[in-house]
Amino acid sequence: MSPTPLTLLFAAALVASLAVKLWLATRQMRHVAAHRNSVPAAFAAAVSLAAHQRAADYTLAKGRFGLLTMAFGSAVLLGWTLLGGLDALNGALRELVQPRFGNLAYQLSLLAAFVLIGGLLELPFDLYSTFRIEQQFGFNRSNWRIVLGDLAKGLLLGAVIGLPLAALVLWIMGATGAMWWLWAWGTWAAFNLLVMVLYPTLIAPLFNKFTPLADETLKTRVQALMQRCGFAAKGLFVMDGSRRSAHGNAYFTGLGAAKRVVFFDTLLDKLNPAEVEAVLAHELGHFKHKHVTQRLVLMFGLSLAGLALLGWLAGQPGFYTGLGVRPNLGAPNDALALLLFLTVVPVFSYFISPLLAQLSRRHEFQADAYASAQASGADLASALLKLHQDNAATLTPDPVYVRFYYSHPPASERLAALQTLRA
């Protein structure tokens, strides 16, 4: 049987995306290795050669491991689609579940089995990353009890939240006619907004401990900054990030009145109060420039376009056969169409990732400028440099790799921009 146009298009996109990924990854590793033995002049006074080399070695270790996961991921994708993996799983569950428990149970079992098998395939790589690479460079603070506990909690959340949502979407697909994708999109968007409200108080505490910020001096400084910026939050909290990793961070979470400020305990251990204030001012800059709203609108817009496309593809037999799956004749194809679409769309959307990365970097520069105006550009620069060193982020990334992948500008560009603002 000759390949269909969709088969050829998908195969070409898969090969092209893999080739670009390999090219970029090898460029990054060569560039970092070539600059491993000398600290960039702009950082020579602040970064030791040993710290610079540690960051290079960390980047190279992750890069080599990334090549392996990239090849494995492409093989799994090919196995699910053109080699018949999803078709075989669908046929087995359709014969086993549908006659006894009905169409909805069959479709939910297909979704659940696909997610579980995918998770099991990825688990060894996640464990190696945590207990080998992160451990080797002193970042891992996790253990088997925490890892297994997180897996159990994730499965429980998937059963309690994911399955009912999936059942609702499947019902919408089968009951609302040709415009099902519009109703499904509204449901998905409402669910995401609800999760943003509930996440800080109901979901996040399942995985980490959150305690009110106890440092009164820092609290006073942070509250004064937020008042100057016209920003209100429901609370200031410290998260036990050190329980899993030595990496530091700070973030806002929640939506509307449920917003809260969260500091990793590792961040507070590394930065002084003025630097913490500058980092928080950067995060406030994202809200001041409405970056969070813009990203939400973009996410919802892309998801609407994707569901509209799926609404058309799901009714085309060639969509299934072109990707290695035989459509059901005596059962609904809704779950099958969802899985097939979500599996293959990253291959095509990969090529727009540089545009999204560029937008994100522009937002970061704007937030840095806001922080420089509301707090101290010098303190923000000092904090960024400390975080780059503590997180072993390379100071010499490949420029092309940066343009394609980096959601944050590299340290050299951010510090140069802050220096220009101060000047």
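The values are calculated or read from the model by the stated rules, or taken from the named source; none is laboratory data. Only a predicted model underlies this, so the values are computations on that prediction, with no experimental measurement involved. With ideal geometry, Cβ positions are generated from the backbone for all residues, glycine too; neighbour counts draw on all protein chains shown. Note: accessible area is taken over every heavy atom of the protein model, side chains too, but ligands, DNA and RNA are not part of it. Shrake-Rupley method; radii C 1.70, N 1.55, O 1.52, S 1.80 Å.
Of note:
- Projected onto their three principal axes, the Cα atoms of the stretch 180-263 cover extents of 54, 34, 19 Å, largest first.
- Farthest toward the positive end of the dipole of the stretch 229-321, out of A232, P317, A281, is the Cα of P317, where the dipole comes from beta carbon charges about the Cα centre.
- Highest GNM mean-square fluctuation among L329, L60, L121, for the chain modelled with Cα contacts below 10 Å: L329.
- Of all DSSP beta bridges in the chain, antiparallel share, percent nearest 5: 65
- Set of lysines near K234 by C-alpha distance (under 28 Å), chain-local residues within fewer than 8 positions excluded: K153, K209, K219, K259, K270, K288, K290
- The stretch 247-345, Cα convex hull volume normalised per residue, Å³: 159
- Amide H partners (placed H, <5 Å) of F210, local residues excluded: none
- Only the Cβ atoms of Lys and Arg (+1) and of Asp and Glu (-1) were treated as charged; on that basis the dipole of the stretch 39-187 about its Cα centre amounts to roughly 260 debye.
- Shape parameters for the stretch 343-423, alpha-carbon atoms, Rg then Dmax in Å: 14.5, 49
- Acute angle (nearest 10 degrees) that the helix 334-349 long axis makes with the longest principal axis of the chain, alpha-carbon atoms: 40
- Relative to the longest principal axis of the Cα atoms of the chain, helix 85-101 runs at roughly 60 degrees.
- The stretch 126-243 - charge dipole about Cα centre, Lys and Arg +1 at Cβ, Asp and Glu -1, debye rounded to 20: 240
- Alpha-carbon centroids, the stretch 1-35 and the stretch 229-296: separation in whole Å: 36
- Taking T187, T217, T176 in turn, the Gaussian network model of the chain (Cα-Cα springs below 10 Å) assigns the largest fluctuation to T217.
- Dipole magnitude of the chain about its Cα centre (Cβ charges: Lys, Arg +1; Asp, Glu -1), debye to nearest 20: 280
- Solvent-accessible heavy-atom area per residue, rounded to whole Å², over the stretch 1-74 at 1.4 Å: 54
- Within-11-Å neighbourhood charge of T266 [Cβ basis; K, R +1; D, E -1]: 0
- Calculated [222 nm] ellipticity per residue, helices only, for the chain: -22500 deg cm²/dmol; basis is -39500 (n - 2.57) per DSSP H run with n ≥ 4, divided by all residues, nearest 500.
- In the calculated pair-distance distribution of the chain, the portion above 27 angstrom amounts to 61 percent of the Cα-Cα pairs.
- Between helix 163-175 and the chain there is an angle of about 50 degrees, using the helix long axis and the longest principal axis of the Cα atoms.
- Residue of V297, V402, V169 that the Gaussian network model of the chain assigns the largest fluctuation, springs spanning Cα pairs under 10 Å: V297
- Separation of the stretch 39-106 and the stretch 200-221, taken as the distance between their Cα centroids, equals 32 angstrom.
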